[in-house]
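Q: Here it is: the structure, laid out below.
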Amino acid sequence: MFDGLQSRLGDVFDKLRRRASLSEDDVNAALREVRVALLEADVALPVVKDFIEGVRPKAVGQEVLRSVTPGQQVVKIVHDHLVEMLGGTPGADEQAAREGRYPGAAESDLDLNAPAPVPILMVGLQGSGKTTTTGKIAKRLSEKQRKKVLMASLDTRRPAAQQQLKVLGEQVGVATLPIVPGEPPVAIAKRALSTGKLEGYDVVLLDTAGRLAIDEELMAEVVAVRDAAQPHETLLVADAMTGQDAVNVAAAFNERVGLTGIALTRVDGDARGGAALSMKAVTGKPIKLLGTGEKLDALEAFHPERVAGRILG
Ligand code: GDP
């Protein structure tokens, strides 16, 4: 992912960096190329417009054009704007490194800062990778962070869904809530949380049902589960390959359910990366995790500064 953007923007910025002097026209020409590159990478048009209008006044400022290295300064301005747009804080990684902290981790990771068991609600369309991502998160929390994790499938529509999560749990060595046939989603969520409390679990992952498209019934069910479970994190799982559709899905879930973050899957495919930028811009919610393959350890934290650095070359 992001490769298309990287090759396009990398070229623009290579040229810009090497220029010893710049005029306002030079900067505008470069920004036109940035605009085309973002559109080609599938970034939504309003987001592209906001981006360009956000950087233009800073980039064509006289203090930049008159400086000794105007090209490099424009590149930095665009870079910092991109970091912000991806949900990061420009310079935060540098600051973290100076203070001996792990760069980017605090911002991009799951927030478990709540009384145990911490409820995490997984939402999204069917086929987005929701159940797989639930298993990946459970694996990571239990192996790397030594958390005692319980998973529960609230998908009572697809007969195999609850079984699928159970098998996944066995693969990653994480407990799943025993299946009670016919139990409705809200009741499963409540039972998962009371079991979590009773048996001393740190985290309870609730994998909700998906649909092929957003419908009122799906939303009503997810909202009812949210109200019952009061999740500390509500993560949307979205398929990066679906581009603008994923952005619309994110906007709809955020409006109706309220998200705390997004897990973007299939970034190992040839998605052009624009969805990540658009989703953050449209929902204001951070991309927290990236799914990078079918294997259960193919999960990465999202680092805005690293991604921006990669995009600009
Ligand atoms: P759900 O219906 O949203 O629960 O989707 P599943 O978790 O069942 O995933 C659907 C398919 O996508 C499965 O074949 C997964 O192995 C695959 N999948 C999930 N995440 C990723 C990912 O990050 N990369 C790739 N390549 N495949 C993924």
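The values are calculated or read from the model by the stated rules, or taken from the named source; none is laboratory data. Computed from a prediction, not measured in an experiment: that's the story for all the values here. Cβ atoms come from the backbone with ideal geometry, glycine included; neighbour counts cover every protein chain shown. Note: areas computed on protein heavy atoms with side chains; ligands, DNA, RNA excluded. Shrake-Rupley method; radii C 1.70, N 1.55, O 1.52, S 1.80 Å.
Listed here are the residues, each with its yes/no results for (1) within 16 Å of residue 263 (Cβ to Cβ); (2) touching a Pro at 6+ places or on another chain (Cβ under 9 Å).
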site: 87; (1), (2): yes, yes
site: 96; (1), (2): no, yes
site: 120; (1), (2): yes, yes
site: 150; (1), (2): no, yes
site: 153; (1), (2): no, no
site: 167; (1), (2): no, no
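Q: Take residue 187 and tell me if it is aliphatic (A, V, I, L, M), open to solvent by 30 Å² or more (accessible area, probe 1.4 Å) and part of a helix (DSSP H, G or I).
A: Values: aliphatic (A, V, I, L, M): yes; open to solvent by 30 Å² or more (accessible area, probe 1.4 Å): yes; part of a helix (DSSP H, G or I): yes.
Yes: the conditions hold for residue 187.
Q: Here is a follow-up. Restricting attention to the range 210-259, and to residues there that are open to solvent by 20 Å² or more (accessible area, probe 1.4 Å) and small (Gly, Ala, Ser), which single residue is nearest to the ligand (Cβ to nearest atom)?
A: Per the stated criteria, the residue is 213.
Q: Name every residue in the range 169-184 that is open to solvent by 20 Å² or more (accessible area, probe 1.4 Å) and either of a type outside the set (A, V, I, L, M) or part of a helix (DSSP H, G or I) (or both), in order of residue number.
A: Going through the range 169-184, the residues open to solvent by 20 Å² or more (accessible area, probe 1.4 Å) turn out to be 170-171, 173, 175-176, 178-184.
170, 171, 173, 176, 178, 181, 182, 183, 184, listed by residue number.
Q: Given the criteria within 23 Å of the chain's Cα centre (by Cα), under 16 Å from residue 120 (Cα atoms) and of a type outside the set (Lys, Arg), does residue 188 qualify?
A: Answer is no for this residue.
Q: Assuming residue 207 fulfils every condition listed in (1) away from the ligand (no atom under 14 Å from the Cβ); (2) closer than 16 Å to residue 141 by Cβ apart from one, which condition is it?
A: (1)
Q: So, in the range 260-309, how many residues would count as being assigned to a helix (DSSP H, G or I), open to solvent by 40 Å² or more (accessible area, probe 1.4 Å) and not hydrophobic (A, V, I, L, M, F, W, C)?
A: Qualifying residue count for the region: 1.
Q: Looking at the range 232-281 only, could you name the residues that are without any contact (Cβ under 8 Å) to a residue 40 or more places away in the chain, among the basic types (Lys, Arg) and over 17 Å from residue 210 (Cβ atoms)?
A: Matches in the range 232-281: none.
Q: I've got another one for you. Might you check whether a residue that is part of a loop (DSSP other than H, G, I, E, B), within 16 Å of residue 165 (Cβ to Cβ) and modelled with pLDDT of 95 or more occurs anywhere in the range 235-251? Spell out the reasoning first.
A: Within the range 235-251, the subset part of a loop (DSSP other than H, G, I, E, B) is 243.
Right, trim to within 16 Å of residue 165 (Cβ to Cβ) and you get none.
Scanning the range 235-251, I find no residue that is part of a loop (DSSP other than H, G, I, E, B), within 16 Å of residue 165 (Cβ to Cβ) and modelled with pLDDT of 95 or more, so the answer is no.
Q: For the range 284-297, indicate whether the set of residues that are aliphatic (A, V, I, L, M), more than 12 Å from the ligand (Cβ to nearest atom) and at pLDDT below 90 is non-empty.
A: For the range 284-297, residues aliphatic (A, V, I, L, M), more than 12 Å from the ligand (Cβ to nearest atom) and at pLDDT below 90: absent.
Q: While we're looking at this one, here's another question. Identify all residues within the range 126-155 that are open to solvent by 20 Å² or more (accessible area, probe 1.4 Å) and away from the ligand (no atom under 14 Å from the Cβ); write none if there are none.
A: 142, 143, 144, 145, 146, 147, 148
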